[in-house]
Amino acid sequence: MNYRYCNPTLLLLMCVAGSALAARTDITVGMVLEPPNLDPTGGAAAAIDEVVYANIFEGLTRFGPDGSVRPALADGWEIEDEGVRYVFSLHPDVTFHDGSDFTADDVKFSIDRAMAEGSTNAQKGLFANIDNVEIINPEKVAINLKQADGNLLFNLAWGDAVMLDEASAGDAATNPIGTGPFRFDKWVQGDRIEMVRYDDYWGKPVKLDKAVFKFISEPTAAYSAILAGDVDAFPNYPAPENLAQLDADPRFSVVLGSTEGETILAMNNAVPPLDDIRVRQAVAHAINRDEIIDGAMYGYGTPIGTHFAPHNPAYLDLTSKNAHDPDAARALLKEAGHETGLSLSLKLPPPAYARRGGEIIAAQLRDVGIATEIENLEWAQWLEQVFKAKDFNLTIVSHTEPMDIGIYANPDYYFQYDNPELQALMTDFGSETDPEKRTGMLQQAQQMIADDHVNGFLFQLAKTGVAASKLKGLWENSPTQANDLTAVYWDE
Amino acid sequence: MKWRSIVPGASLVLIVVSAALLSYLWTPFDVATLDIRHRFTAPGAEHWLGTDHLGRDILSMLMVGARTSIAVALVAVGIGMGIGVPLGLLAAARGQSWVDELIMRGNDLVFAFPSLLIAIMITAVFGPGAVNAIIAIGIFNIPVFARLTRGAALSLWTREFVLAARVAGKGALRISAEHLLPNITNLLIVQGTIQFSLGILAEAGLSYVGLGAQPPVPSWGRMLAESQTLISLAPQLALFPGLAIVMTVLGLNLLGDGLRDWLDPRMRRER
């Protein structure tokens, strides 16, 4: 009797003890936007890289959590012929998820494919300086450049330069097959993407055996998903107003880091009245950045005075050039002949920085005599009306690509800034290899766009990550668009 | 005795309407001025209903927001009546003819669509804003009034006083205007009140999804939408606009019910 009673209890106890010892090995990561496809070499959307970078796909080099360039599929490299030839030694025994070997052929195929005439690669500029790829042997490959370029290793670390296999590259948009530690499992459109551990991974084995990326666009839904434990981490949490609350909760940890997102009040430089620098300067002086960062982002953000990331060593603090000065703004408007006031359209995409920031900026502009007509747009409408058709006066958007000051050298870009001097400077910058001179040129460009008041420079977006407090190894900063799960584990 | 719901109904409506009218002359604070340092103030002596996430006074926002809600709903009901009633009278006058068929099947067509979805579609196509919201809500009031008018007018056409008017040589147009319309006014007032409350809800719904009046014009629906992530931080942000909508809709429904019973001749006899 006693024996029979005891046995199941013991068993139960053993089960409980066993499960308490084993740490969880799965993760659900929340993301605001769903990627349109899963081929990082065939689309510009940041969400693609945020799912596949370093998890499914890898390149010859890769970005570390601090933004440094590290070896990945290439073990090492030698720079020959005064910087115009890079010889890479590839890591041996690397296989794609379908079992085929990764060799020098795949390197040549991937780079040739990205460089090709009809390539849909969103960052073809990364490969513009490559002359050809030369296979030396299956484990050695050389990249010959048109001219010496210190940026090659950086360029090859981008998600747009990852390695694909010729046999599976065509289907990468829906069935990505890479060399990374996770293998694509399934994609439930509109809901989630699942991946599982790839057991034959060449590198350090990952601790997770399953990862799910769940797409939640509503800030309210994101908040409840975190609270309910439906997602374990939200690396770019969309509702900054909840962060203080989540931080105070011992179940969650809030990690603040830097991103490459320069948030700007973009102005249409080609259309009156903003083609007049005095009007643009008036708008710039009407803006009170601290109020916007506080009011829209609950204090999360760093003021910027030009289009450049403050954590970059080449950054210049130019916030004094366009400091908040309503009197100066009114005087400039008077000088430009807009004493009686003027009215501008302000088109706002969905994120909180734009919607809430827009209401604050509208109030600040009204204070100096500029009326705004706010229109809230969905992303698709914003891309259509503002980004493509350039039908706007003002808009608010965050430019999250790293080192993207080059967009100011493109007169066709949506804010339509056309300055031949800056265009020449950026062309020279592309061929300059001396690091000190390059820094000087970047600073000159920052000065130029600040002096021309091309846009209203607001703040650098902060990376506001929320995760279960026992979850370790997520990136603190966003040096590139990625949610690298290779070092993530549960500490229980 | 049911008609007594007129009193609470009318009082609630009166409060909302007078708050809206008062806002043209005075609000406790300016709704256009942001005061981010004093955001999320709890209800108190200075800000009676507290402040929102940008430091604006919630009471002032509600007062100005009432203007938008009432204006949109009122004009929308006006469109519905202005077009629907003449259509209904015409259909009744030409009863069982192709004109009647055309009008009523056209109404069925509009009626068959879920109204809020179509309103969303209209504002999505022609752009968000108060004017498009009015048109969208107005269109869906047309069949409601057309059906009601046709039904009531059709039964009146067989009555002796109409026959007398016809014998006297009056045309269908004069009969409709002079004899039928005055006799269905009661019905129209009651239905108008109910449609008005539905219009308030529809406006709030459209603003909630961002297709109604655009910021910085305050609107109840948008106040609710913006309060979503803040509900645990500052519940007053969601509570008060929600109460304002409930109060207005409840008031209008009570008023409509009371009016129906009061204006109904059968009920009158019981009094």
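Which of the residues spanning region A:400-427 are in contact with a helix residue (DSSP H, G or I) (Cβ under 7 Å, 6 or more places away or on another chain) and more than 20 Å from A:Ile277 (Cβ to Cβ)? Residues satisfying the conditions are A:Thr400, A:Gly406, A:Met426. The set of residues in region A:341-384 being in a helix (DSSP H, G or I), open to solvent by 10 Å² or more (accessible area, probe 1.4 Å) and at the interface with another protein chain (Cβ under 10 Å from one of its Cβ atoms) consists of A:Ala352, A:Arg355, A:Arg356, A:Glu359, A:Ala363, A:Gln364, A:Arg366, A:Asp367, A:Gln381.
Between A:Gln446, A:Gln416, the distinction of being of a type in the set (S, T, N, Q) and on the phi > 0 side of the Ramachandran plot belongs to A:Gln416 only.
Scanning region A:305-315 for residues that are more than 28 Å from A:Val368 (Cα to Cα) and open to solvent by less than 70 Å² (accessible area, probe 1.4 Å) turns up A:Ala309, A:Pro310, A:Asn312, A:Ala314, A:Tyr315. Just checking, does region B:157-164 include any residue being over 26 Å from B:Leu14 (Cα atoms) and touching a residue at least 24 places away in the same chain (Cβ under 8 Å)? Yes: one or more hits. One residue stands out among those in region B:24-39 that are touching a helix residue (DSSP H, G or I) at 6+ places or on another chain (Cβ under 8 Å) and open to solvent by less than 60 Å² (accessible area, probe 1.4 Å): the one that is farthest from the other protein chains (Cβ to nearest Cβ), which is B:Pro28. A:Pro411 satisfies every condition listed in (1) within 13 Å of another protein chain (Cβ to nearest Cβ); (2) surrounded by fewer than 20 Cβ atoms within 10 Å (Cβ to Cβ) except (1).
The sole residue among A:Leu246, A:Leu227 that is closer than 26 Å to A:Val488 by Cβ, in contact (Cβ under 8 Å) with a residue 40 or more places away in the chain, within 14 Å of chain B (Cβ to nearest Cβ) and assigned to a helix (DSSP H, G or I) is A:Leu246. Taking region B:227-247 as the range and being facing chain A (nearest Cβ under 9 Å), open to solvent by 40 Å² or more (accessible area, probe 1.4 Å) and either in contact with a strand residue (DSSP E or B) (Cβ under 9 Å, 6 or more places away or on another chain) or not aliphatic (A, V, I, L, M) (or both) as the test, the residues that pass are B:Gln228, B:Ser232. Just to verify a result, which residue in region A:158-174, among those that are touching a residue at least 24 places away in the same chain (Cβ under 8 Å) and more than 26 Å from A:Thr400 (Cα to Cα), is surrounded by the most Cβ atoms within 10 Å (Cβ to Cβ)? Looking at residues that are touching a residue at least 24 places away in the same chain (Cβ under 8 Å) and more than 26 Å from A:Thr400 (Cα to Cα), I get A:Asp165. Of all the criteria given as (1) closer than 30 Å to A:Ala228 by Cβ; (2) at pLDDT 90 or above; (3) open to solvent by 20 Å² or more (accessible area, probe 1.4 Å), the one not satisfied by A:Thr319 is (1). When A:Asp275, A:Asp290, A:Asp294, A:Asp327 are screened for being assigned to a loop (DSSP other than H, G, I, E, B), assigned by TED's automatic domain parsing to the domain that holds A:Asp404 and modelled with pLDDT of 90 or more, only A:Asp275 passes.
Being modelled with pLDDT of 90 or more and either part of a loop (DSSP other than H, G, I, E, B) or within 23 Å of B:Ala238 (Cα to Cα) (or both) is not true of B:Leu34. Of everything listed in (1) without any contact (Cβ under 8 Å) to a residue 24 or more places away in the chain; (2) open to solvent by 50 Å² or more (accessible area, probe 1.4 Å), the single unmet condition for B:Met81 is (1).
Mind listing just one residue for me: the one in region B:120-147 that is modelled with pLDDT of 85 or more and open to solvent by 40 Å² or more (accessible area, probe 1.4 Å) and, of those, nearest to the other protein chains (Cβ to nearest Cβ)? So the residue we want is B:Val131. For region A:452-473, which residues satisfy the criterion of being buried (at least 21 other Cβ atoms within 10 Å of the Cβ) and out of contact with any Ser or Thr (no Cβ under 8 Å at 6 or more places or on another chain)? Answer for region A:452-473, where residues must be buried (at least 21 other Cβ atoms within 10 Å of the Cβ) and out of contact with any Ser or Thr (no Cβ under 8 Å at 6 or more places or on another chain): A:His453, A:Val454, A:Asn455, A:Gly456, A:Thr464, A:Gly465. Checked against the criterion of being closer than 22 Å to B:Trp48 by Cβ and surrounded by 20 or more Cβ atoms within 10 Å (Cβ to Cβ), the candidates B:Ser176, B:Ser219, B:Ser197 yield just one match: B:Ser219. Within region A:223-249, the set of residues being of a type in the set (A, V, I, L, M) and within 24 Å of A:Gly295 (Cβ to Cβ) comprises A:Ile226, A:Ala239, A:Leu243, A:Ala244, A:Leu246, A:Ala248.
The values are calculated or read from the model by the stated rules, or taken from the named source; none is laboratory data. Everything quoted here is computed from the prediction, not taken from an experiment. As a convention, Cβ positions derive from the backbone with ideal geometry for all residues, glycine included, and neighbour counts pool all protein chains shown. The protein model used for the area step is the full one, side chains on, heavy atoms only, and it has no ligands, DNA or RNA in it. Shrake-Rupley method; radii C 1.70, N 1.55, O 1.52, S 1.80 Å.
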